[in-house]
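Visitor: My questions all concern the structure below.
The values are calculated or read from the model by the stated rules, or taken from the named source; none is laboratory data. All values derive from a computational prediction rather than experimental measurement. Don't worry about glycine lacking a Cβ; one is built from the backbone with ideal geometry, like all the others, and counts go over all protein chains shown. Note: accessible area is taken over every heavy atom of the protein model, side chains too, but ligands, DNA and RNA are not part of it. Shrake-Rupley method; radii C 1.70, N 1.55, O 1.52, S 1.80 Å.
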Amino acid sequence: MTLISRNGLTRRSLLKTSALAAAGTLATPALLRAQSSELVVGCAGSHTAWMEALVVPHMKKTLGADILFEGTKSSVNLEKMASNRDNPYLSVVQMDDPVMIQAVEEDLLAPITAEAVPNMTDLRPDAVHMDGMWCNYLQPWAGIAYNTDLTEGVPSWQALWSPEAQGRIIIPSLQNTEGMWTLFMAAMLGSGKPFAEAQYEIDAAFAKLEELKPNLLSVYSTMSQAFNLLEQGEISMLSGSFSSYALPRKAEGVPVDLSAPQEGIFAMPSGICLVKGGPNSELAAGYVNEMLGAELQAAIADFATSVPANTTVTAGAVIPDGVQIYSPDWAFVSQNRREWIDRFDKLMAI
């Protein structure tokens, strides 16, 4: 059994699976000859709930594998891969697209092929990147999460800057990819330009963020901790939240909801990749294949209120009508992110 804590860090108490069980449960001959074993997967800490509820039992049933998740931020997963490049212990990593670009540039990934991962042929064309260096497995949308006991809704991103919100806002650090949503919306509001142009107006973005400081209770690096404060009513709004985290909490009866403000929302494809030289390569390919397959795609999309990448699946999120959906120039982000993080940290004095 794999145990995952609320903050996304993992603990394990793993039972070895017999060869007989592996032979009886593995269904794709090319992928299932790998011996039953443990597979270490890096992922987002915010994905803990559906990883624990869906992925762990599915992989045990279909692959005979004991999955150990290390839940953290995409940037931390990248650091782990880079620092262990000579002796990798991660086999698969699930992280955001802009960090995937950095991983490719640092030669940390092994390409995903249709021979080893046949389910990738069912993906949308735009879900396969750089000749298979990584694939997207789902796409949540991002807006502003809010406490429904404290506010009736958030019709505009301008609400973050309203006088009524003084000391009642938390935004993500730029070390978190979702922090980019607040940065880019600040660029739009500060420059008055449409998103296609505003995303490059970084000076205007930081000037607008400086105006936000009186309304901030804090800046988070761990989403679950910030979300706890939102649920408890310590803050009224949490900027840049994902549908995959906020809406399942709403469904559980927590007094939160996710707004799609009139200026627009953001799409954040979640990527999956194979670590170059990672252990248990056949089992790792089998894991990726299952993550891209129709059964698990449908289950994750429904649970996480996200759009599936597999074109044979119709389950999952309904993207809000009537609002623009933005996706940034991730190459531009990748080139400048370290500088932006330093600038942000100095501005916010964190």
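Visitor: Considering only residues that are of a type in the set (Gly, Ala, Ser) and under 16 Å from the mean Cα position of the chain (by Cα), which ones fall in region 227-254? Step through it out loud before you land on a result.
Guide: Narrowing region 227-254 to residues of a type in the set (Gly, Ala, Ser): 233, 236, 239-241, 243-244, 246, 251, 253.
If the condition is that a residue be of a type in the set (Gly, Ala, Ser) and under 16 Å from the mean Cα position of the chain (by Cα), then Ser239, Gly240, Ser241, Ser243, Ser244, Ala246 are the ones that fit.
Visitor: Continuing with this model, one more query. From Met237, Met188, which residue is open to solvent by less than 40 Å² (accessible area, probe 1.4 Å) and under 21 Å from Gln166 (Cα atoms)? Can you show your working first?
Guide: Working: Met188 fails: under 21 Å from Gln166 (Cα atoms).
None of the others qualify; the one that does is Met237.
Visitor: Okay, next question. Sort out which residues of region 291-325 are crowded, with 17+ Cβ neighbours inside 10 Å and among the polar types (S, T, N, Q), and write them in order of number.
Guide: Going through region 291-325, the residues crowded, with 17+ Cβ neighbours inside 10 Å turn out to be 291-293, 296-310, 313, 316-317.
Within region 291-325, Gln297, Thr305, Ser306, Asn310 qualify.
Visitor: Hey, can you tell me all the residues within region 235-264 that are assigned to a strand (DSSP E or B) and at pLDDT 95 or above? Quick ask: steps written out before the conclusion?
Guide: As a first pass, look at region 235-264 and keep what is assigned to a strand (DSSP E or B): 237-242, 256-259.
Residues satisfying the conditions are Met237, Leu238, Ser239, Val256, Asp257, Leu258, Ser259.
Visitor: So, in region 293-350, of the ones that are without any contact (Cβ under 8 Å) to a residue 60 or more places away in the chain and among the β-branched types (Val, Ile, Thr), which residue ends up nearest to Pro214 (Cα to Cα)?
Guide: First, pick out the residues of region 293-350 that are without any contact (Cβ under 8 Å) to a residue 60 or more places away in the chain: 298, 302, 313-315, 318, 321-322, 335, 338-339, 342, 346, 349.
From what is left, the residues that are among the β-branched types (Val, Ile, Thr) are 313-314, 318.
Numbers: Val313: 45, Thr314: 43, Val318: 35 Å.
Out of the qualifying residues, it is Val318.
Visitor: Evaluate region 296-305: report whether one residue or more is out of contact with any Leu (no Cβ under 9 Å at 6 or more places or on another chain) and part of a helix (DSSP H, G or I).
Guide: Of the residues in region 296-305, the ones out of contact with any Leu (no Cβ under 9 Å at 6 or more places or on another chain) are 298, 302.
The next check asks that each one be part of a helix (DSSP H, G or I); those that pass are 298, 302.
Yes; the residues of region 296-305 include at least one that is out of contact with any Leu (no Cβ under 9 Å at 6 or more places or on another chain) and part of a helix (DSSP H, G or I).
Visitor: Does Ser334 satisfy the criteria of being under 18 Å from the mean Cα position of the chain (by Cα) and open to solvent by 30 Å² or more (accessible area, probe 1.4 Å)?
Guide: Details: under 18 Å from the mean Cα position of the chain (by Cα): yes; open to solvent by 30 Å² or more (accessible area, probe 1.4 Å): no.
Considered against the rule, which asks whether it is under 18 Å from the mean Cα position of the chain (by Cα) and open to solvent by 30 Å² or more (accessible area, probe 1.4 Å), Ser334 comes out as no.
Visitor: What tally of residues in region 139-190 results from selecting those that are in a loop (DSSP other than H, G, I, E, B) and among the aliphatic types (A, V, I, L, M)?
Guide: Applying the first criterion (in a loop (DSSP other than H, G, I, E, B)) to region 139-190 yields 140, 148-156, 162, 166-168, 173-178.
Next cut, among the aliphatic types (A, V, I, L, M) only: 150, 154, 174.
Counting residues in region 139-190 that are in a loop (DSSP other than H, G, I, E, B) and among the aliphatic types (A, V, I, L, M) gives 3.
Visitor: Same structure, new question: Please count how many residues of region 218-234 are open to solvent by less than 20 Å² (accessible area, probe 1.4 Å), without any contact (Cβ under 8 Å) to a residue 60 or more places away in the chain and either of a type in the set (Lys, Arg) or outside any strand (DSSP E or B) (or both).
Guide: Qualifying residue count, region 218-234: 1.
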